[in-house]
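Below is one structure, written out as structure tokens, with a few remarks after it.
The values are calculated or read from the model by the stated rules, or taken from the named source; none is laboratory data. These numbers come from a predicted model, not from an experiment. Here the Cβ positions follow ideal geometry from the backbone for every residue, glycine too, while neighbour counts run over all protein chains shown.
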Amino acid sequence: MISKWTEIKPFLSLLIIICSLFVIVFAKMEKTRLSYQLYQQNKILKKTKEAHSLKLIELVEKTRLDRLRYLALTKLTLSEAKKGQIIQITGDKIVIAQ
Amino acid sequence: MALKSRLVILFIMISMAFLGLMARGAYLQLFPHKKLKTLMERQFQTKVTLRSRRGSIYDRNGRELAVSITSYSVYADPSLIEDYNRAARKLSKFLEPSYSTLKKKLMRKSTRFVWLDRQISKEKKDLVAQLGLPGVGFLEEPKRIYPNRHLASHTLGIVGRSGTGLEGIEIAIDKKLQGAAKKFFVKRDARGRPLMMDLHSLEPPKDGEDVYLSLDVELQYMLERELAQALTLHDAESATGVILDAKTSEILSIANIPSFDVNNPFNVPPQYRRNRAIVDTYEPGSTLKTFAIAAALEKGLVKPNTKINCEKGEFKIGRRIIREADVNHKFDELSVSEILAKSSNVGSSKIALMVGDSEYRDFLQKFGFGRRPNINFPGAAQGILRELPWGQHQLANISFGHGITASAIQIAAAYAAIANDGQYRDPSFRVGGWEESKRVISHDVAQQMKFMLMGVTSSGGTGYSARVPGFPVAGKTGTAQMVDLVNGGYKKGEYIASFAGFIPAHDPKYVIYVTFDNPKNKYYGSEVAAPVFSKIAGYAMRKSGVQPILISKRNLLDKKWMNIEAKQEQEPVDTKMRNAMALVEKNTLPQLKGMNLRQALKISSEIKADVKIKGRGRVDYTVPGAGVSLNDDLKEIRIILKE
């Protein structure tokens with residue numbers, strides 16, 4: 001039994017060495033693959049952020065105050081506040097007649 | 001020689017050669033040559049720059065004022081372009097430069113790099129990329145977008161193509177906005193793509209900080225709109241406006257008209273891009289009278305009702321004569337309040353002469369004149385406040401705002417000190433980051449000044465058109481002659497019309513200052529600037545939801561003042577009662593007019609005749625009238641009250 005074990009030992013050592021090398025190569029390949037994946041994900045994140053910024057700018061431009069005022073005056077038939085016209089927006093008390 | 005010996009020698013020689021090679025290899029590995037190291041790095045490594053995103057700028061309510069996006073710049077290597085005519089024709093469909101410009105650029109075969117267009121959008125970039133032209137490439141570049149275009153353009157400033165602030169707030173807080181770009185070397189694959197293998201490459205670069213300014217976009221829009229309308233109406237050269245928070249001196253709005261689109265700043269000459277409200281100074285005119293009077297009140301030299309002889313509009317100092325701005329104004333005697341309300345040059349000159357040059361100069365300095373305000377903005381002006389001694393004529397001139405210069409922001413900040421009960425703060429763009437206030441006048445003098453400035457906007461005052469129905473307004477008009485920078489002296493018929501004030505006067509929320517350069521059809525501050533103030537202040541009140549109040553002494557005086565007034569009024573009323581009682585004892589009906597019901601009843605209880613009371617409020621008149629003998633024939637007295 002002992003002699004048989006002694007005979008297998010060199011092969012086992014060789015097997016361990018070969019396996020280790022395979023594991024190292026596999027790990028390196030996996031690292032490279034993951035790095036590419038990360039690279040791609042970063043690109044997608046950047047694109048998404050960029051698209052968000054563009055949408056945000058579009059929203060701000062569409063809700064520009066001069067634009068809103070124009071729409072209110074032309075499409076919604078609202079009018080400009082006149083001098084002396086009291087518009088009470090907040091508060092709970094009754095506005096005093098002027 | 002034997003074969004064996006020869007083989008040994010050959011073996012030794014080959015071994016030595018290998019040893020030499022190994023030694024050289026070891027040397028190169030352990031002590032690498034600089035040049036060789038560079039070559040090696042170039043072969044296996046690539047330099048990656050991760051640009052930091054420039055921070056956005058928001059207003060105090062979080063509305064975007066400036067945002068950064070990625071844009072693309074198109075370049076070409078002319079040596080790789082085969083048919084430059086065809087390439088230029090195709091590119092000119094999507095890029096801004098014309099066909100001929102692009103053709104000229106592509107014809108330069110001696111150079112390997114030319115910019116074809118800068119900072120184009122992603123959509124355009126994709127269209128150009130689809131052309132598949134060899135030798136045409138793209139580089140990512142940051143682009144600053146100002147979605148509100150003209151709004152607050154002078155304050156925001158501009159950013160260069162490299163993403164660095166060049167003017168305004170963009171340069172003032174450039175480091176904060178820029179962040180830190182990250183540069184590092186990474187190994188690359190056979191196709192030159194970076195291999196993200198180092199842990200440090202996973203960390204994103206430190207982006208620039210987002211900044212919240214004290215500006216309020218809605219107030220800013222309103223201010224710019226009203227200034228632009230008035231500029232057209234009065235055909236003025238330019239207009240400037242400032243709105244400060246009365247308590248904190250935070251800058252809520254700052255506008256200069258004409259304005260420009262910050263997205264295309266180089267389309268206008270540089271002088272149009274200056275934030276004149278901060279960097280330009282001018283003679284403020286009558287708005288400065290407020291401070292001459294405040295100085296005299298603070299020193300106890302005058303009281304609001306002290307009478308000053310205004311010399312019928314002409315006051316001689318040495319060989320020079322001080323005149324009123326309006327030649328028709330020939331005031332005789334005016335109280336200090338009236339001097340402010342009617343804007344008398346002679347009156348303010350006499351008051352300044354009482355204060356004296358040294359004390360008046362110190363006083364003005366406390367209010368921020370003649371020194372650079374502690375505001376984080378490039379090129380903030382300090383104005384001119386001359387060194388002592390001042391001649392009497394000079395002192396008189398300075399009292400009504402000539403011979404001294406200040407910026408719009410300095411004047412607004414000085415008025416904010418009065419509005420803030422005598423405490424001065426430097427104006428600031430930071431939200432909540434204001435500095436400790438400094439007391440420059442006593443609380444009582446500030447209260448007196450508030451009421452005197454309210455007099456300016458009441459009937460008969462120069463600032464009558466600055467009133468806002470429902471809200472008490474305190475302020476002062478200003479009309480100054482424009483300085484002739486070429487020939488010296490003043491320009492004939494050219495004025496600066498201004499109005500400085502705060503609203504609501506009893507509990508100020510906003511300090512507003514507006515000024516117009518060289519308005520043509522009208523030029524008085526009362527006619528040009530005061531109505532604009534009224535519109536802006538009215539909008540600010542509606543926007544902030546401050547409730548309108550009934551303008552009366554009870555609503556406007558603070559409690560401390562009410563008590564002082566009540567005590568002052570107490571004595572005459574008691575005397576009146578004593579005199580009335582004495583008359584009743586002599587059987588004569590006293591004068592009851594102005595007495596309240598309680599006082600009238602107390603007196604009538606001593607009268608034998610029947611007393612009938614009609615109405616509410618105070619005694620208006622009696623039937624029969626005062627002075628009638630209270631004999632037995634008098635059966636009835638009617639006391640008529642009126643609210």
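Applying the selection to region B:209-244, what residues are crowded, with 23+ Cβ neighbours inside 10 Å and assigned to a loop (DSSP other than H, G, I, E, B)?
Scanning region B:209-244 gives B:Ser214, B:Leu215, B:Asp216, B:Ala236.
Are any residues in region B:106-131 modelled with pLDDT of 90 or more and more than 26 Å from B:Thr49 (Cβ to Cβ), and if so, which ones?
B:Leu106, B:Met107, B:Leu127, B:Gln130, B:Leu131
Just checking, how many residues over region B:579-601 are assigned to a loop (DSSP other than H, G, I, E, B), within 58 Å of the chain's Cα centre (by Cα) and without any contact (Cβ under 8 Å) to a residue 40 or more places away in the chain?
So the answer is 5.
Restricting attention to region B:64-87, does a residue exist that is assigned to a loop (DSSP other than H, G, I, E, B), modelled with pLDDT of 85 or more and closer than 30 Å to A:Glu58 by Cα?
No, region B:64-87 has no match at all.
Kindly provide the set of residues from region B:417-442 that are closer than 18 Å to B:Leu297 by Cα, touching a residue at least 24 places away in the same chain (Cβ under 8 Å) and of a type outside the set (Phe, Trp, Tyr), ordered by number. Before you say what the answer is, go through the steps one by one.
Applying the first criterion (closer than 18 Å to B:Leu297 by Cα) to region B:417-442 yields B:417-424, B:439-442.
Subsequent filtering for residues that are touching a residue at least 24 places away in the same chain (Cβ under 8 Å) retains B:417-422, B:424, B:440-442.
Correct list: B:Ala417, B:Ile418, B:Ala419, B:Asn420, B:Asp421, B:Gly422, B:Val440, B:Ile441, B:Ser442.
All but one of (1) among the polar types (S, T, N, Q); (2) modelled with pLDDT under 90; (3) farther than 28 Å from B:Gln271 by Cβ; (4) surrounded by fewer than 16 Cβ atoms within 10 Å (Cβ to Cβ) hold for B:Ser162; which doesn't?
(3)
Is it fair to say B:Arg320 is modelled with pLDDT under 90 and surrounded by fewer than 21 Cβ atoms within 10 Å (Cβ to Cβ)?
Against the criterion (modelled with pLDDT under 90 and surrounded by fewer than 21 Cβ atoms within 10 Å (Cβ to Cβ)), B:Arg320 qualifies.
Return a yes/no flag: does region B:602-620 have any residue that is surrounded by 13 or more Cβ atoms within 10 Å (Cβ to Cβ), out of contact with any strand residue (DSSP E or B) (no Cβ under 8 Å at 6 or more places or on another chain) and not in a loop (DSSP other than H, G, I, E, B).
Yes, region B:602-620 has at least one match.
Quick check on my filter: what residues within region A:57-76 are facing chain B (nearest Cβ under 7 Å), among the charged types (D, E, K, R) and either outside any helix (DSSP H, G or I) or within 19 Å of the chain's Cα centre (by Cα) (or both)?
Of everything in region A:57-76, just one residue is facing chain B (nearest Cβ under 7 Å), among the charged types (D, E, K, R) and either outside any helix (DSSP H, G or I) or within 19 Å of the chain's Cα centre (by Cα) (or both), namely A:Arg64.
For region B:47-90, how many residues are without any contact (Cβ under 8 Å) to a residue 40 or more places away in the chain and among the aromatic types (Phe, Trp, Tyr)? Can you show your working first?
Here is the first cut: in region B:47-90, the residues without any contact (Cβ under 8 Å) to a residue 40 or more places away in the chain are B:83-86, B:88-89.
Those still in the list that are among the aromatic types (Phe, Trp, Tyr) too: B:84.
Number of matching residues: 1.
Filter region B:430-461 down to residues that are part of a helix (DSSP H, G or I) and under 24 Å from the mean Cα position of the chain (by Cα) and give me whichever is surrounded by the fewest Cβ atoms within 10 Å (Cβ to Cβ). Explain how you work it out, then say what you get.
Filtering region B:430-461 down to residues part of a helix (DSSP H, G or I) leaves B:443-456.
Remaining after also requiring under 24 Å from the mean Cα position of the chain (by Cα): B:446, B:449-450, B:453-454, B:456.
On the way: B:Ala446: 21, B:Met449: 26, B:Lys450: 23, B:Leu453: 29, B:Met454: 24, B:Val456: 29.
Once the filter is applied, the top-ranked residue is B:Ala446.
Looking at the structure I just gave you, is A:Ala51 farther than 29 Å from B:Arg53 by Cα and surrounded by 10 or more Cβ atoms within 10 Å (Cβ to Cβ)? Steps first, please.
On the way: farther than 29 Å from B:Arg53 by Cα: no; surrounded by 10 or more Cβ atoms within 10 Å (Cβ to Cβ): yes.
Here the answer is no, as A:Ala51 does not meet what is asked.
Being assigned to a loop (DSSP other than H, G, I, E, B), exposed (fewer than 12 other Cβ atoms within 10 Å of the Cβ) and over 60 Å from the mean Cα position of the chain (by Cα) is the filter here; which residues of region B:626-643 pass it?
If the condition is that a residue be assigned to a loop (DSSP other than H, G, I, E, B), exposed (fewer than 12 other Cβ atoms within 10 Å of the Cβ) and over 60 Å from the mean Cα position of the chain (by Cα), then B:Gly627, B:Asn631, B:Asp632, B:Asp633, B:Lys635 are the ones that fit.
Could you check B:Lys35 against (1) under 27 Å from B:Ala190 (Cα atoms); (2) surrounded by 11 or more Cβ atoms within 10 Å (Cβ to Cβ) and say which number it fails?
Against the list (1) under 27 Å from B:Ala190 (Cα atoms); (2) surrounded by 11 or more Cβ atoms within 10 Å (Cβ to Cβ), B:Lys35 comes up short only on (2).
Contact list please: Cβ distance under 7 Å, first residue in region B:523-544 and more than 9 Å from every other protein chain (Cβ to nearest Cβ), second residue of a type in the set (Lys, Arg) and surrounded by fewer than 24 Cβ atoms within 10 Å (Cβ to Cβ), pairs at least six apart or on different chains.
B:Val528/B:Lys522
Quick check on my filter: what residues within region B:391-408 are of a type outside the set (Ser, Thr, Tyr) and in a helix (DSSP H, G or I)?
Once the filter is applied, which keeps residues that are of a type outside the set (Ser, Thr, Tyr) and in a helix (DSSP H, G or I), region B:391-408 yields B:Gln392, B:His393, B:Gln394, B:Leu395, B:Ala396, B:Asn397, B:Ile398, B:Ala408.
Among the residues in region B:472-490, are any surrounded by fewer than 22 Cβ atoms within 10 Å (Cβ to Cβ), within 14 Å of another protein chain (Cβ to nearest Cβ) and aromatic (Phe, Trp, Tyr)?
No, that holds for no residue.
Any idea which of A:Leu54, A:Leu38, A:Leu14 is within 9 Å of another protein chain (Cβ to nearest Cβ) and more than 15 Å from B:Thr70 (Cα to Cα)?
None of the other options fit; the residue is A:Leu38.
Please verify whether B:Tyr424 is in contact with a helix residue (DSSP H, G or I) (Cβ under 6 Å, 6 or more places away or on another chain), more than 14 Å from chain A (Cβ to nearest Cβ) and surrounded by fewer than 23 Cβ atoms within 10 Å (Cβ to Cβ), treating the condition exactly as stated.
Considered against the rule, which asks whether it is in contact with a helix residue (DSSP H, G or I) (Cβ under 6 Å, 6 or more places away or on another chain), more than 14 Å from chain A (Cβ to nearest Cβ) and surrounded by fewer than 23 Cβ atoms within 10 Å (Cβ to Cβ), B:Tyr424 comes out as yes.
Please work out if B:Leu297 is in a helix (DSSP H, G or I) and either over 25 Å from B:Gln448 (Cβ atoms) or among the small types (Gly, Ala, Ser) (or both).
Numbers: in a helix (DSSP H, G or I): yes; either over 25 Å from B:Gln448 (Cβ atoms) or among the small types (Gly, Ala, Ser) (or both): no.
When the stated conditions are applied, B:Leu297 does not pass them.
Just a yes or no: is a residue in region B:344-356 in contact with a helix residue (DSSP H, G or I) (Cβ under 9 Å, 6 or more places away or on another chain), touching a residue at least 60 places away in the same chain (Cβ under 8 Å) and either part of a loop (DSSP other than H, G, I, E, B) or among the acidic types (Asp, Glu) (or both)?
No - not one qualifying residue is present in region B:344-356.
May I ask you to list the residues in region B:245-279 that are among the aromatic types (Phe, Trp, Tyr) and part of a loop (DSSP other than H, G, I, E, B)?
B:Phe260 - this is the single residue of region B:245-279 that is among the aromatic types (Phe, Trp, Tyr) and part of a loop (DSSP other than H, G, I, E, B).
Check whether at least one residue in region B:324-332 is assigned to a loop (DSSP other than H, G, I, E, B), under 29 Å from the mean Cα position of the chain (by Cα) and hydrophobic (A, V, I, L, M, F, W, C), and report yes or no. Please lay out each step first, then the result.
If we filter region B:324-332 for residues that are assigned to a loop (DSSP other than H, G, I, E, B), which is where we start, we get B:324-332.
Add one more test, that the residue is under 29 Å from the mean Cα position of the chain (by Cα), and what stays is B:325.
Applying the additional criterion that residues be hydrophobic (A, V, I, L, M, F, W, C) yields B:325.
Yes, region B:324-332 contains at least one residue that is assigned to a loop (DSSP other than H, G, I, E, B), under 29 Å from the mean Cα position of the chain (by Cα) and hydrophobic (A, V, I, L, M, F, W, C).
Just give me the residues in region B:121-148 being surrounded by fewer than 16 Cβ atoms within 10 Å (Cβ to Cβ) and not in a strand (DSSP E or B), in sequence order.
Residues satisfying the conditions are B:Ser121, B:Lys122, B:Glu123, B:Asp126, B:Leu127, B:Ala129, B:Gln130, B:Leu131, B:Gly132, B:Pro134.
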